[in-house]
Amino acid sequence: MKKIEAAALFMKENSELFQCPVCEAVFSKTDGNSLSCVNGHLFDISKKGTLYFLLKGTKNEYDKEMLSSRFNIATAGLFHPLLDDLYPSIAEKENGHTLDVGCGEGSQLDYLTELGLKGQKIGFDISKDAIQLAAAHFSSAFWCVADLAQSPFATQQYDTILNIFSPSNYKEFNRLLKKGGQVIKVVPEKEYLIELRQLFYRDQEEKQTYSNEVVIAKFKEHFPLMKIEKIKYSFDLTPSLFADLMKMTPLSWGASPEAKEYAIEHPLKKITIDVCVLIGQKQGAL
Ligand SMILES: [Zn+2]
């Protein structure tokens, strides 16, 4: 089956997971490769099998080079120990539906599928380039370009919301989750990519560490029923993975040209992944 046909079939069979981002009505009709809501708002499935739900164009800072670098290093396993650790919590919701918020180039949802994740899997990102990359490589999930400020996702349909290194919209997460559903949010800890920070910001000690206290406090406010896990490990780098690492992270935006040159001359052999995993349960009726 062609990607576009598979996507049309997915939308037809899973229309309850979505809503029209213009008027919030259900998508009542799938006609060939387009779907429409009861009020006639029309969305076309692309040849690559993706859907574009944004109502107006948005700018984002992640260019194609960054995304493909992230794809390279992520598929080489940079986040695999982290995802191995998360997997049992997600798999606990048997055949539950998973929404990956800010899925980027799709590698994390694909790896979780490889581990055995069942249920419907939807990954979305505000970056069209990221979704094209995801759709080109992975058929393990349904990929779409979307923004939670104009949400194309329906109320109380999701068992797990994954929110890995990406911004949150807790009000919207609460609306999307089924009763008893969960948000799994991953945020950097103090020593996340510490070797790279030290390379890029040798003279600026304040930029070498990162505090996530505010983020955690905010999460707790919205999901008081929560637990925190810390995960820390070291990942071996080849010269080409080091080059990808330098390109994939926004850390490089703040680094001076001299610092980047210094980094190229002093390639890292290892990088530390140090993160905090916040798992919050939805409680109450809505
Ligand atoms: Zn509509």
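Solvent-accessible surface of the chain, taken per residue with a 1.4 Å probe and all protein chains present: 48 Å². Remark: accessible surface ordering of Asp129, Asp31 (largest first) is Asp31, Asp129, probe radius 1.4 Å. With K and R counted +1 and D and E -1, the other residues having a Cβ less than 13 Å from that of Lys269 yield a net charge of -1.
Hey, quick one: spin label on Glu229, modelled 7 Å out along Cα-Cβ, who in segment 46-90 has an amide N within reach, i.e. under 14 Å? Under 14 Å, as judged by backbone N against the label point of Glu229, lie 80-90 of segment 46-90.
Phi angles across segment 198-203 convert, under the Karplus curve 6.51 cos²θ - 1.76 cosθ + 1.60 with θ = phi - 60°, into 3J(HN,Hα) values of 5, 5, 6, 10, 4, 9 Hz, Gly and Pro given as x.
Estimated at 0.36 nm per residue, the fully extended path between Gln283 and Glu16 surpasses their Cα-Cα distance by 93.9 nm. Taking all protein chains together, Thr98, Thr58 sort by accessible area into Thr58, Thr98, largest first [probe 1.4 Å]. For segment 30-36, putting each phi into the Karplus relation 6.51 cos²θ - 1.76 cosθ + 1.60 with θ = phi - 60° gives couplings of 10, 10, x, 10, 10, 10, 9 Hz, in residue order, rounded to whole numbers and with x for Gly and Pro. Across all directions, the average flat footprint of the convex hull enclosing the Cα atoms of segment 1-142 is 8.9 nm². Taking Thr113, Thr249, Thr238 as the candidate residues, the one with maximal mean-square fluctuation in a Gaussian network model of the chain, Cα springs under 10 Å, is Thr238. In summary, the aspartates and glutamates within cross-link reach of Lys12, defined as a Cα separation below 16 angstrom excluding same-chain residues under 8 places away, comprise Asp31, Asp44. Rounded to the nearest 0.05, what FRET efficiency is calculated for Ser256 and Ser28 with R0 set to 41 Å and r the Cβ-Cβ distance? So the FRET efficiency works out to roughly 0.15. Using a probe radius of 1.4 angstrom, the carbon and sulfur fraction of the accessible surface of segment 61-191 is 46%. Binning the alpha carbon pair distances of the chain at 5 angstrom intervals from zero yields the distribution 1, 5, 12, 15, 18, 17, 13, 9, 6, 3, 1, 0, expressed in whole percent.
Other residues with beta-carbon under 11 Å from the beta-carbon of Phe142 carry, at +1 per Lys or Arg and -1 per Asp or Glu, a net charge of 0. Among DSSP beta bridges whose residues both lie in the chain, state the antiparallel percentage, nearest 5. Close to 60 percent. Count the lysine pairs in segment 65-203 that are 8 or more places apart or on different chains: how many have C-alpha atoms under 23 angstrom apart? Summing the qualifying lysine pairs gives 16.
Evaluated at 10 °C with a viscosity of 1.306 mPa s, what Stokes-Einstein diffusion coefficient in µm²/s does segment 1-49 have when Rh comes from the Kirkwood expression over alpha-carbon pairs? Translational D for this selection: 149 µm²/s. Only helical runs count toward this figure. For the chain, summing -39,500 (n - 2.57) over DSSP H runs of n ≥ 4 and dividing by all residues gives -10000 deg cm²/dmol at 222 nm.
Relative contact order of the chain: 18 percent, from C-alpha pairs under 8 Å at least 6 residues apart in sequence. The H on the amide N of Phe27, modeled in the peptide plane, is under 5 Å from the matching H of Cys20, each at least 5 residues off or on a different chain.
For segment 1-49, averaging the sequence separation of C-alpha pairs within contact (under 8 Å, six or more residues apart) and dividing by the residue count gives a relative contact order of 37 percent. Left without a cysteine partner by the 4.7 Å Cβ rule in the chain: Cys23, Cys103, Cys144, Cys276.
Residues in segment 43-48 carry Karplus couplings, in order, of 10, 9, 7, 6, 4, 7 Hz; the curve used is 6.51 cos²θ - 1.76 cosθ + 1.60 with θ = phi - 60°, and Gly or Pro positions show x. All alpha carbon pair distances within segment 154-286 were sorted into 5 Å bins beginning at 0; the resulting P(r) in whole percents reads 2, 10, 18, 17, 14, 12, 10, 8, 6, 3, 1, 0. Would you please classify the overall shape of segment 165-227 from the alpha carbon gyration tensor, given that a ≥ b ≥ c denote the square roots of the eigenvalues, rounded means a/c under 1.5, and beyond that prolate means a/b larger than b/c while oblate covers the rest? Here segment 165-227 falls in the prolate category.
The values are calculated or read from the model by the stated rules, or taken from the named source; none is laboratory data. Note that the structure is predicted; figures quoted are calculated from it, not measured. Note that we place each Cβ from the backbone using ideal geometry, even for glycine, and neighbour counts take in every protein chain shown. Just the protein is used for accessible areas: all its heavy atoms, side chains included, with ligands, DNA and RNA removed. Shrake-Rupley method; radii C 1.70, N 1.55, O 1.52, S 1.80 Å.
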